[in-house]
Amino acid sequence: GAGVSQSPSNKVTEKGKDVELRCDPISGHTALYWYRQSLGQGLEFLIYFQGNSAPDKSGLPSDRFSAERTGGSVSTLTIQRTQQEDSAVYLCASSLRGADNEQFFGPGTRLTVL
Amino acid sequence: RKEVEQDPGPFNVPEGATVAFNCTYSNSASQSFFWYRQDCRKEPKLLMSVYSSGNEDGRFTAQLNRASQYISLLIRDSKLSDSATYLCVSHRGNTPLVFGKGTRLSVIA
């Protein structure tokens, strides 16, 4: 079946602009995660949605970052007033149930802030 | 101190060699552990879960030592296709997975 998809695959923006990144999880997966990965660095957790529970936003680096998940499916990560240090690959993952289930990752969105 | 720590490598080994990676975790409440594999410029994929009794999947063996709080991954008879970054992952409760920064492996012909 279809895996996790993300769009766009690449995004180049100017400092100060807002960007929206989209994630379509695997159908039926109740948990959805956003991570970012800078060049040569590990995965940095951003936010975790599990079913109808309030999301775990503990990883969001600043209030410029927000995410929502509509209808328990598609998720959008929004970065307002982008900064150069926001440049990274943003990865979305989904799992059938909770965080200890296998996470299936999308191909990521490579964000470059000029 | 990082919750999950790994030697970043790179480990450069010839084809056919046996290579082992260790990973340490700092939170004794961690319950589940995994190894993910990430190829260059690709997304991570689950390689295997790590069970207390140890587990083996073909050429790969994962072990957990709770007393010393470390996890290991052993790769036997290395193949060129094993070249990747191996991410050690821990989990507890209903919290997100914690990923290590990864250990880079290059298998050389």
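Here are some notes:
- Being over 10 Å from the mean Cα position of the chain (by Cα) and at pLDDT 95 or above is a description that does not apply to B:SER68.
- Listed conditions (1) open to solvent by less than 40 Å² (accessible area, probe 1.4 Å); (2) within 12 Å of chain B (Cβ to nearest Cβ) are all met by A:GLY3, apart from (1).
- Among the conditions (1) open to solvent by less than 30 Å² (accessible area, probe 1.4 Å); (2) facing chain B (nearest Cβ under 8 Å); (3) of a type in the set (Asp, Glu), the only one that A:ASP86 does not satisfy is (2).
- If only residues of region A:100-114 that are touching a residue at least 24 places away in the same chain (Cβ under 8 Å) and surrounded by fewer than 22 Cβ atoms within 10 Å (Cβ to Cβ) are counted, the one that is farthest from the other protein chains (Cβ to nearest Cβ) is A:LEU114.
- Any hit, region A:51-62, residues being touching a residue at least 40 places away in the same chain (Cβ under 8 Å) and in a loop (DSSP other than H, G, I, E, B): no
- Tally of residues being surrounded by 13 or more Cβ atoms within 10 Å (Cβ to Cβ) and in a loop (DSSP other than H, G, I, E, B) across region A:18-37: 4
- Considering B:GLN69, B:GLN38, the condition of being open to solvent by less than 50 Å² (accessible area, probe 1.4 Å), within 15 Å of B:GLY100 (Cβ to Cβ) and in contact with a Pro (Cβ under 8 Å, 6 or more places away or on another chain) is satisfied by B:GLN38 alone.
- Some residue of region A:43-53 being open to solvent by 10 Å² or more (accessible area, probe 1.4 Å), in contact with an Asp or Glu (Cβ under 9 Å, 6 or more places away or on another chain) and among the hydrophobic types (A, V, I, L, M, F, W, C): yes
- Any hit, region B:21-31, residues being open to solvent by less than 30 Å² (accessible area, probe 1.4 Å), farther than 21 Å from A:TRP34 by Cα and without any contact (Cβ under 8 Å) to a residue 60 or more places away in the chain: no
- Enumeration of residues in region A:63-77 that are of a type outside the set (Gly, Ala, Ser), free of Cβ contacts under 8 Å to residues at least 24 places away in the same chain and surrounded by 12 or more Cβ atoms within 10 Å (Cβ to Cβ): A:ARG64, A:PHE65, A:GLU68
- The condition of being under 10 Å from the mean Cα position of the chain (by Cα) and hydroxyl-bearing (Ser, Thr, Tyr) holds for A:SER75.
- Checking A:LYS57 against (1) under 13 Å from the mean Cα position of the chain (by Cα); (2) closer than 18 Å to A:VAL4 by Cβ; (3) within 12 Å of chain B (Cβ to nearest Cβ); (4) surrounded by fewer than 18 Cβ atoms within 10 Å (Cβ to Cβ), the condition it does not meet: (2)
The values are calculated or read from the model by the stated rules, or taken from the named source; none is laboratory data. Here the structure is a predicted model, which is why all the values come from computation and not from measurement. Note: ideal-geometry Cβ built from the backbone for every residue, glycine included; neighbour counts use all protein chains shown. Calculation scope for accessible area: heavy atoms of the full protein, side chains included, ligands and nucleic acids excluded. Shrake-Rupley method; radii C 1.70, N 1.55, O 1.52, S 1.80 Å.
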